[in-house]
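Each remark here refers to the structure printed beneath this line.
The values are calculated or read from the model by the stated rules, or taken from the named source; none is laboratory data. On a predicted model such as this, the values are computed, not experimentally measured, just so you know. Cβ coordinates were reconstructed from backbone atoms using ideal geometry, including for glycine residues, and neighbour counts include every protein chain displayed.
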Amino acid sequence: MFDFREVGSDRGLAYINQFEDVGAVGLVGYSGGGVSAIQTAKGLQRPVDLLVQIDSYDPLTGNGDEDEVLPGNVKRGINYYQQRNRFNFFRADFDLFDLQGAKSVQGSQNINAEDAFRDRGITHRNIDDNPQLQARIVENVAALVLKDLTFDRQNQLQLTGPAVTPGNTLRLLAGDRPATAVLSQPLAAAASFQTQFQFRLPFAALTDGLSFLLGPSLSLGAATSLRLQLDPLLTPGDISTNSVALLIPGRPPQVLPAVPVEFNSGSSLTAWVNYDAIAQQLDLFLSDGLKQPIQPLLSQPVDLSLLGPNLYAGFRTASGSPSQYSEILSWQLSTAPLVAADVMPAKPLAAFVASSVAVADRQAVPEPGIAAALLSWSGLVWLRGRRRLRDRAERLLQ
């Protein structure tokens, strides 16, 4: 679900419109992204819960007023601006790209960030890096977009054992028996799919970590299911701590001892699992960010149809201390029929989102950027800023 890209309004609209049921929408745009946020809101045939502009500026002429009027379908607009920029030919420190954003947006709450945060050093170039502003925007999103959302709003998950959905997260507790969460709608084994999930493991690692499984029944039995195990703890039979194992029925386990993330750090991590039914290839990607790496961590030939004609997807965590649990913060699964990828686009099968905030890497001014926010079925937020904003957001929204 957290497939963030800084894009213009056309691609932002295409992304949002691929989902039939959207729980809430929030848009955040910085500089030229403020214009793109306005354009995206205008193009949506549904209400927008929140639209935040950060020193919005028309990147083409600087004279347009499109970003100075809030569209009628936006419930709440907030415009943060500054006026101490260095776009002044008579200043010794003149900066061509330190611009003046829109000071007044009709229909929005207009806030001078310099006064609000008592920081006279704020300019167009650095306003989106201000930690007080970042925290305020996260609070805006939490209060106006995420407040009433739940992880499994459409009751698509079947939970067994100590698995719960408190608010907008999925928790798999390490109780006296394994906890599982399975998508009740199966996918065809002859279909390609892409799935992405954001997860967090506790500081005190679970015995066998967290597993993503595909199996022919809702029980996801170990003997009949494909399992990707994310294991932070060394147990008998393991090669090392912090390992990834692929277990396929009838094959020896494939274990990767070198993993580019720390599972037991307590931080949120992201995994992507892609299956090409034509090539019969399964790829796993892992990152501590929200951008999918170019190269897969694991790539393995496998024919999923050997497991059965229809497969159920889900998660399992091992038994252990009841005080420990793994969290799924977001999950998206899309499928496509057995045809060439350029013929049939992927169809979203399920999407679940938690309270985490996805943040893009900052691009140099004056590149336009849009933090297109989508909350699909449960809720998804996109923000514009540096990675530390993502970390701050996750702490504030936990």
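Yes or no, residue by residue, for (1) modelled with pLDDT of 90 or more; (2) more than 20 Å from Ala24 (Cβ to Cβ); (3) not hydrophobic (A, V, I, L, M, F, W, C):
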site: Ile111; (1), (2), (3): yes, yes, no
site: His124; (1), (2), (3): no, yes, yes
site: Leu133; (1), (2), (3): yes, yes, no
site: Asp148; (1), (2), (3): no, no, yes
site: Thr195; (1), (2), (3): yes, yes, yes
site: Pro202; (1), (2), (3): no, yes, yes
site: Ala205; (1), (2), (3): no, yes, no
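Restrict the check to the range 104-114 and report whether at least one residue is charged (D, E, K, R), assigned to a loop (DSSP other than H, G, I, E, B), surrounded by 14 or more Cβ atoms within 10 Å (Cβ to Cβ) and in the same structural domain as Asn79 (by TED's automatic domain parsing).
Let us first name the residues in the range 104-114 that are charged (D, E, K, R), namely 114.
Narrowing further to those that are assigned to a loop (DSSP other than H, G, I, E, B): none.
Checked the range 104-114: no residue is charged (D, E, K, R), assigned to a loop (DSSP other than H, G, I, E, B), surrounded by 14 or more Cβ atoms within 10 Å (Cβ to Cβ) and in the same structural domain as Asn79 (by TED's automatic domain parsing).
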If you check Leu172 against the conditions, is it modelled with pLDDT of 85 or more and not assigned by TED's automatic domain parsing to the domain that holds Leu311?
no
Could you tell me which numbered condition Gly167 fails, if it satisfies all but one of (1) at pLDDT 85 or above; (2) at positive phi?
(1)
Six or more apart or on different chains, Cβ under 6 Å: which pairs go from a residue in the range 24-49 that's charged (D, E, K, R) to one that's assigned to a helix (DSSP H, G or I)? Could you list them?
Asp49/Leu144; Asp49/Val145
The residue that is surrounded by the most Cβ atoms within 10 Å (Cβ to Cβ), considering only those in the range 209-245 that are modelled with pLDDT under 85 and in contact with a strand residue (DSSP E or B) (Cβ under 6 Å, 6 or more places away or on another chain), is Asp231
